[in-house]
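Inspection log for the structure reproduced underneath, given as structure tokens.
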Amino acid sequence: MAIKLLEDLPGVGPATAEKLREAGFNTIEALAVASPGELVACADVGESTAAKIIAGAREAADIGGFETGDQVLERRKRVGKVTTGSKSLNELLGGGMETQSILELYGEFGCGKTQIAHQMAVNVQLPIEMGGMNGSAIIIDTENTFRPERIEQMVKGLPPAPDGQDWDPKEFLGHIHVARAFNSNHQILLAEEGALELAEKLRETEKPVRLLVVDSVTAHFRAEYVGRGTLANRQQKLNKHLHDLMRFSDLNNALILITNQVMAKPDTFFGDPTKPVGGHVLGHTATFRVYLRKSKGEKRIARLVDSPNLPDGEAVFSVTTEGLRD
Ligand code: GTP
Ligand code: MG
């Protein structure tokens, strides 16, 4: 039996489940990484019951388990590549944006990070033969920059459908799930719970989640953690957030697209003005890092930075009203 509800766990009755939820343990995953002491304190259970609950949750959530090499191989076989709409950008990325990876877009304001995120939310829905994954998209929007009108324009700009039917922008919008994140804690919660739950719900449908966007991944952290003394705390939270995203990507065969600004003006706290916010924590977690610069008019330049298995290089593409193009 697949365990989905807290009540299904050994040692959890309705009253305990309610206390756990009140204390913020809303999912099996959250319980799996709890300590017995925490449960004793919040749910009025004894040490041994707490240990039993956690053990049950760990088994059900399969957290911290190892995968064998052949399981990893099986999972890696499902990696898909999603077209960006620009041939040169696809080539730079080895054929498109890969699922089961985190791709970070960084660059100054107006360089096209949010535009690319919109385009990927459209393209991930396309059939495989058109460079899509037949999937849904989740967008965690921290800057309130999601624009359904832009999605409509981009859908209208798509190449013709294989069956000759017109694309329906409403249908595309219906497969993009957007949540505003009001602060960094909210953002973390949306990734570790909301997005996972939604993805689980859509897993067996025709449009499973194949893209999770966090735009911007660092803005809230940057605004909230100001001053030298807060750096360690901020990096720790950001690190955990990124690992939640990584887990999401493995579990759902999804592409994680995160955006990040470069520092507009040098300040001692955030360091080098040409470097992305978040420093080494982001650098070590993202599988692909793409630095974007503005060029003339609609032209943009993308540079692949420190990729483990692709040559560094640059691609020129355009942001047009119809979407990304060469
Ligand atoms: P920040 O979030 O501020 O850091 O910037 P960003 O990198 O997310 O920039 P964004 O993706 O929002 O890019 C904005 C730019 O995209 C605009 O300055 C325009 O150049 C371009 N753009 C946005 N909408 C349209 C459109 O409808 N048509 C065309 N041709 N360009 C557009
Ligand atoms: Mg933006």
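Give me the three principal axis extents of segment 7-61 from the C-alpha atoms, as integers in angstrom, largest value leading.
Cα extents, longest axis first: 22, 19, 17 Å.
I'd like to check one number: the per residue accessible area of segment 7-61, probe 1.4 Å, reported in Å² as a whole number.
Roughly 49 Å² per residue, with all protein chains present.
How large, in percent, is the carbon and sulfur part of the accessible surface of the chain at a probe radius of 1.4 Å?
Reported share for carbon and sulfur atoms: 53 percent.
How much accessible area per residue does segment 76-325 have, in Å², with a 1.4 Å probe?
Solvent-accessible surface per residue comes out at 45 Å².
How much length is gained on full extension from VAL226 to VAL305, taking 0.36 nm per residue of separation minus their Cα-Cα distance?
Residue separation times 0.36 nm, minus the Cα-Cα distance, leaves 25.7 nm.
Give me the number: length gained by fully extending GLU108 to GLU22, i.e. 0.36 nm times residue separation minus the C-alpha to C-alpha distance, one decimal in nm.
Details: separation 86, 0.36 × 86 = 30.96 nm, distance 4.11 nm.
Between GLU108 and GLU22, full extension yields an extra 26.9 nm.
Taking 0.36 nm per intervening residue step and subtracting the Cα-Cα distance, what contour gain separates GLU129 from GLU143 on full extension?
Value of the extension gain: 1.7 nm.
Past 28 Å, Cα to Cα: identify those pairs from LYS113/LYS237; LYS113/LYS240; LYS77/LYS170; LYS156/LYS296; LYS77/LYS201, in the order given.
Among LYS113/LYS237; LYS113/LYS240; LYS77/LYS170; LYS156/LYS296; LYS77/LYS201, the Cα-Cα distance tops 28 Å for LYS77/LYS170.
Obtain the nm distance between the two label points defined at ASP8 and GLU67 by a simple spin-label model: each point lies 7 Å from its Cα along the Cα-to-C-beta direction.
With each label placed 7 Å out from Cα toward Cβ, I get 2.2 nm.
Just need the Rg to Rh number for segment 73-196, please, alpha carbons only, Kirkwood Rh.
Details: Rg = 15.0 Å, Rh = 15.7 Å.
Using Cα coordinates only, the ratio equals 0.96.
What percent of all Cα-Cα pairs in the chain falls in each 10 Å bin, counting up from 0?
6, 24, 32, 23, 11, 4, 0
Quickly work out the LEU251-to-THR321 label distance, labels modelled 7 Å from Cα along the C-beta direction, and quote it in nm with one decimal.
4.2
Calculated FRET efficiency, GLU314 and GLU59, Cβ-Cβ r, R0 45 Å, to nearest 0.05? Before the final figure, lay out each step's value.
Working: r = 48 Å, r/R0 = 1.07.
Rounded to the nearest 0.05, the efficiency is 0.40.
What is the spin-label model distance, in nm, from ARG78 to LYS201 if the labels are put 7 Å beyond Cα along the C-beta direction?
2.0
Report the local net charge at PRO127: Lys and Arg +1, Asp and Glu -1, summed over other residues whose C-beta lies under 12 Å from its C-beta.
Neighbourhood net charge equals -2.
Rounded to the nearest 5, what is the percent of antiparallel bridges among the DSSP beta bridges in the chain?
Here the share of antiparallel DSSP bridges comes out near 45 percent.
Express the Stokes-Einstein translational diffusion coefficient of segment 147-267 in µm² s⁻¹, to the nearest whole number, given a Kirkwood radius over alpha-carbon pairs, 4 °C and a viscosity of 1.567 mPa s.
After rounding, the answer is 78 µm²/s.
Hey, in the GNM for the chain with a 10 angstrom Cα cutoff, which one of GLY131, GLY80, GLY227 fluctuates hardest?
GLY227
The values are calculated or read from the model by the stated rules, or taken from the named source; none is laboratory data. Since we're looking at a predicted model, the values are computed, not measured. Reconstructed Cβ throughout: ideal geometry from the backbone, glycine too, with neighbour counts over all protein chains shown. Note: areas computed on protein heavy atoms with side chains; ligands, DNA, RNA excluded. Shrake-Rupley method; radii C 1.70, N 1.55, O 1.52, S 1.80 Å.
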